[in-house]
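This report refers to the structure that appears directly beneath it.
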C-alpha cells in the first residue's frame with residue numbers, strides 16, 4: 001500500500017471534489033433536448049431516430065427503478081473516479097513510477113469539464129469509462145488473452161452504441177493487434193465481439209425506422225460540415241440535390257446549419273432527418289469535388305482544441321473550466337419534459353447552486369492552458385513515441401488522434417467532444433516519455 005500512497009491521496013482529493021459538486025448543486029444538470037431524449041428512450045426502450053443511439057439510455061434504464069437523476073449523477077461521478085483509477089493501474093502495470101501514473105490520471109480526476117459532465121445527464125462520462133476499460137484490457141499485459149480482446153471488443157461496441165463516432169475504434173484496435181503477427185486470434189476475437197452487438201442494434205433500429213443503421217443523422221451532420229466551404233459551381237450536384245446548396249445563410253459554425261431554420265436543408269418539406277440519405281449524397285460529392293477545402297476546415301477547427309485561452313465555437317457556447325453559480329431552469333412548454341418527469345423521476349427540475357459549497361467550487365482554480373495547450377503537448381509527446389515505434393504507445397495515441405479529429409470531420413468542433421481524447425492522450429504521453437527515457 002505504501003507504493004500507492006500518493007495516488008491514494010490523489011483519489012481522496014478527487015472524491016472530495018465530487019462530493020462538493022453533489023452538495024453544491026441541488027440536482028443533476030439536464031439539457032434540452034439531449035438529456036430528455038436519452039431519458040425518453042430509457043423509458044420507452046426503442047432506438048431514437050436521429051442523433052443518439054441507445055447505449056447511454058440502457059444505462060439510464062438500469063437506474064430507472066430508483067427514480068432519481070441525482071443518483072445517475074452520483075454513479076457517473078463514481079465512473080469518473082474509476083476512469084482515473086484505470087489510467088493509474090494501466091500505467092503501473094507498464095512499470096511507470098507511482099508519481100508518473102498519478103500525474104497522468106490527474107486531468108480526468110480534476111478538470112472541471114470532466115466533473116461537470118459527470119454531473120449532467122449526458123453520455124460523455126460513459127464513453128470515456130468504456131474506452132478506458134477497453135484500453136486497460138488490451139494493454140494491461142504484454143500480450144492480451146483472446147478472452148480479454150473479445151471483452152474489449154464488446155466494450156468498444158458499447159462505446160460505439162453510446163456515441164457512434166467511436167465505432168471505427170474497433171477497427172483501429174483490431175489493426176493494432178494484427179500488427180503483432182502472433183496476435184491474429186486476439187484480433188479476430190475483438191473484431192467479431194465488437195461487430196456482433198453493432199449488427200444486432202442495427203437490426204433493432206431497422207425494425208423501428210426501416211433502415212439498417214445505428215442512427216439517422218450521419219448524412220445531415222456531414223452535410224452541415226460542408227456548408228462552411230461548399231461551392232455548387234464546382235460540385236455541380238444533380239437537380240434533386242441542388243436544393244441543399246448554400247443559400248447565402250452564413251453561420252459561425254458548421255453544426256449551426258443542422259438547426260437553423262434559414263439553412264437550405266431546413267427549408268425542404270418535412271423533418272430534416274427525413275432527408276438524411278440525400279444530404280449524405282450531397283456531402284460526399286462536395287468533399288470529393290473540394291477535398292483541400294474540406295481538409296482546411298477540419299484542420300482549422302481541430303486547432304481550436306489547443307488554444308491558450310478558450311475560444312467559443314459556436315459563439316453562443318462559451319467554454320469554461322470553472323464551476324458556475326446560479327440557476328438553470330428547464331424550458332417551459334415541452335410535453336416531453338412532463339412525460340419524462342412522470343415516467344422517470346417526478347423530482348426532475350432545473351438545477352441551482354447551493355451555498356456555501358458553490359462558493360468553494362467557484363474558487364477552484366484550473367487554468368485553461370491545462371485543458372487546451374497541455375493537451376496539444378500530450379499529443380505531441382505521444383506522437384514522438386509512436387513514430388519511434390514504441391508499440392504500446394501506438395494504440396492509445398491513435399485512439400486519441402481519432403477521437404479528436406473524427407467529430408470535426410463528421411460535423412464540427414466542440415470542446416465537449418474533445419474530452420474523450422484527453423485520458424487516452426495522457427496514457428500515450430506517459431508511456432512515450434517513460435519508454436524514451438529508458
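The values are calculated or read from the model by the stated rules, or taken from the named source; none is laboratory data. For clarity, every value in this text was computed on a predicted model and none was experimentally measured. When we count neighbours, we look across all protein chains shown, and the Cβ atoms used for this are built from the backbone with ideal geometry, even at glycine.
Within region 115-148, the set of residues being under 20 Å from residue 52 (Cα atoms) and either in contact (Cβ under 8 Å) with a residue 60 or more places away in the chain or out of contact with any helix residue (DSSP H, G or I) (no Cβ under 9 Å at 6 or more places or on another chain) (or both) comprises 117, 118, 119, 120, 121, 122, 123, 124, 126, 127, 128, 131. Among the residues of region 285-297, the ones that are under 24 Å from the mean Cα position of the chain (by Cα) and surrounded by fewer than 18 Cβ atoms within 10 Å (Cβ to Cβ) come to 2 in all. Where helices (runs of 4 or more DSSP H) fall entirely within region 387-438, those with at least 1 residues that are surrounded by fewer than 23 Cβ atoms within 10 Å (Cβ to Cβ) and within 14 Å of the chain's Cα centre (by Cα) are at 391-410, 415-418.
So that you can scan it fast, the table gives a plain yes or no per residue for (1) assigned by TED's automatic domain parsing to the domain that holds residue 134; (2) touching a strand residue (DSSP E or B) at 6+ places or on another chain (Cβ under 8 Å); (3) surrounded by 15 or more Cβ atoms within 10 Å (Cβ to Cβ):
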site	(1), (2), (3)
181	yes, no, no
186	yes, no, yes
194	yes, no, yes
225	no, no, yes
230	no, no, yes
235	no, no, yes
240	no, no, no
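Being touching a helix residue (DSSP H, G or I) at 6+ places or on another chain (Cβ under 6 Å), within 19 Å of residue 302 (Cβ to Cβ) and at pLDDT 95 or above: is that true of residue 357 here? In short, no.
For region 329-349, how many residues meet the condition of being touching a residue at least 24 places away in the same chain (Cβ under 8 Å) and surrounded by fewer than 14 Cβ atoms within 10 Å (Cβ to Cβ)? Going through region 329-349 one residue at a time, the tally reaches 5.
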